Amino acid sequence: MAKDIEKKGIGWFKNSRSQAAVEQEDMIEQTITAYAEKEEQNSKVEEQEDEQTPSKDVFSKENQDKVSLDLIVSLENMLKDRQLTQYKNNDLEDQLHTANETINRLKQEHLKKDQLIQEKNHEINALETNLTNKQMSYDQLLEDYNEYQNTSNNEYEKISDQLETETSKYNKLHEESKNAQYQSMLKINELEERIRELEIENQKYADQHQQILDEKAQLMQTINDFTERMSISFSPKASASNSSES
């Protein structure tokens with residue numbers, strides 16, 4: 001819709017410019033016609049006055065009655081007015097010449113402006129085409145962006161769900177790990193306590209074993225001593241027996 005409004009604005013500008021140019025040209029032509037008609041009328045008046053102008057001797061003020069003198073004065077005034085009119089005509093001709101030069105200059109400027117306007121119109125058309133292409137590209141990019149955003153949102157939701165699931169799993173495993181560590185710690189403490197008890201019991205058994213070994217050694221020593229004494233005591237009797245049998 002913005003493009004239609006812009007085209008309508010350009011069309012209105014072209015129509016307004018064309019209408020203004022036509023009105024300006026009509027005004028210039030009317031001015032030239034008016035000057036030409038006035039100049040033609042002034043020329044006719046000058047010709048008529050020249051034809052009706054008598055010789056200077058006729059208009060001599062000497063030996064003239066009052067009516068003739070009044071006529072001569074009136075004629076002189078008319079001649080002065082005619083001369084003033086000629087001066088004005090000359091001035092108007094100069095103004096007309098200047099106006100014609102101005103008109104020609106304005107026409108040249110008008111042509112240049114028309115050419116410049118045509119060039120600007122070409123540039124505007126090129127810019128409109130470029131703007132249309134960019135608008136199409138922007139619409140395509142906007143559509144792609146919306147599609148990408150929808151896809152990204154779906155992926156984000158999917159990843160968020162997966163992350164939440166994995167987080168729940170991790171928290172559950174972490175809790176289980178903490179419980180397992182706590183149970184392991186309790187088991188380790190129990191085993192360490194059992195080991196200490198076994199070490200104490202083992203040390204007790206070792207002490208008892210050592211005591212038994214010591215007692216056994218003493219008993220063996222006693223037995224050995226007793227055996228040795230018995231052997232000594234039985235040795236003379238055996239010798240005597242052997243002698244009597246012989």
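Values in this text are rule-based calculations from the coordinates and carry no lab data. Keep in mind the model is a prediction, meaning the values are calculated, not measured. Quick reminder, even Gly has a Cβ in these numbers, built from the backbone with ideal geometry, and neighbours come from all protein chains shown.
Miscellaneous remarks
- Long-range neighbours under 8 Å by Cβ, at least six apart or interchain, first residue of a type outside the set (A, V, I, L, M, F, W, C) within the range 96-107, second part of a helix (DSSP H, G or I): Asn100/Ile32
- Matching option when the condition is surrounded by fewer than 11 Cβ atoms within 10 Å (Cβ to Cβ) and out of contact with any Phe, Trp or Tyr (no Cβ under 6 Å at 6 or more places or on another chain), among Glu128, Glu147: Glu147
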